[in-house]
Amino acid sequence: MNLFLLYLLLTKATLTSFSGTTSLPVIRQDFVEHYHQLTDRQLNAAMAAGQAAPGPNGLYVVSVGYFVDGVPGGCAGLLAVMTPPFLIIPMLQFLGRWADNPRIQSALRAVTVAAAGLVLTTALPLARDALTGPLPVVIAIGSFAFLLFRQRATVLVIGVAALAGLLGQVLK
């Protein structure tokens, strides 16, 4: 894939998201379904790498770029993650005076709910690829419940889930 096209696609994904993982539907559509540059398994791995790294959730975009084109792709992903913050400052200057308008706030809430729905519909195919047996299903349910009720660091959950997966393979 052309490096400039990779940057443009990743930038499109980061520009159309409200938080790190809401770019997932756009990335899956472009890289898994349309251009066939990634598999769902590779996208899952990129998401896991992004969640394990410190910093914002959107850093998985760098891993996506790396999976597509190695180090140059990772650099394109990094630039794509850095582009929206540089564009938001002038945009906030222009649009900031309308931020308190109830209609604008209502529209933003509606878009956020729609983005959550898109993330959910994208997560289902990724879950089908990752949940291949009873142990991964138990780990996924346990991780979800732990994060829901305890709200602890994601890195802790990933570490415990990795240990549970290794233990499951050893005891098999």
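FYI, it's all coordinate maths here, none of it is from the lab. Owing to the predicted nature of the structure, the values given are computational and were not obtained by experimental measurement. Virtual Cβ from ideal backbone geometry, glycine too; neighbours counted across all protein chains shown.
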Could you please rank D129, D100, placing first whichever residue has the fewest other Cβ atoms within 10 Å of its Cβ?
-> D100, D129
Counting each DSSP H run of 4 or more residues in the chain as -39500 (n - 2.57), what helix-only mean residue ellipticity at 222 nm follows after dividing by all residues, to the nearest 500 deg cm²/dmol?
-> -25500 deg cm²/dmol
Using the Cα centre as the reference, give the magnitude of the dipole from point charges on the C-beta atoms of the chain (Lys, Arg: +1; Asp, Glu: -1; all else neutral), rounded to the nearest 20 debye.
-> 400 debye
What FRET efficiency do you get for W98 and T39 if R0 is 30 Å and r is their Cβ-Cβ distance, rounded to the nearest 0.05?
-> 0.10
Which Cα, out of A130, Y35, G159, lies furthest along the positive dipole direction of the chain (beta carbon charges, K/R +1, D/E -1)?
-> G159
Rough spin-label spacing in nm, given labels placed 7 Å along Cα→Cβ, for K172 and N2 | 4.3 nm
By Cβ neighbour count within 10 Å, fewest first, I27, I158, I141 rank I141, I158, I27
Neighbour-count order for M1, M82, fewest beta carbons within 10 angstrom listed first | M82, M1
For P(r) over Cα pairs in 5 Å bins from 0, in percent, several values are listed as [x] 1, 8, 14, 18, 18, 15, 12, 8, 3, 1, 1, 0, 0; [y] 1, 8, 17, 20, 22, 17, 10, 4, 1, 0; [z] 1, 7, 14, 14, 13, 11, 10, 10, 9, 6, 3, 1, 1, 1, 0, 0; flag the one computed from this structure.
-> [x]
What order do you get for 54-67, 107-120 when each peptide is scored by the mean count of other beta carbon atoms within 10 Å, highest first?
-> 54-67, 107-120
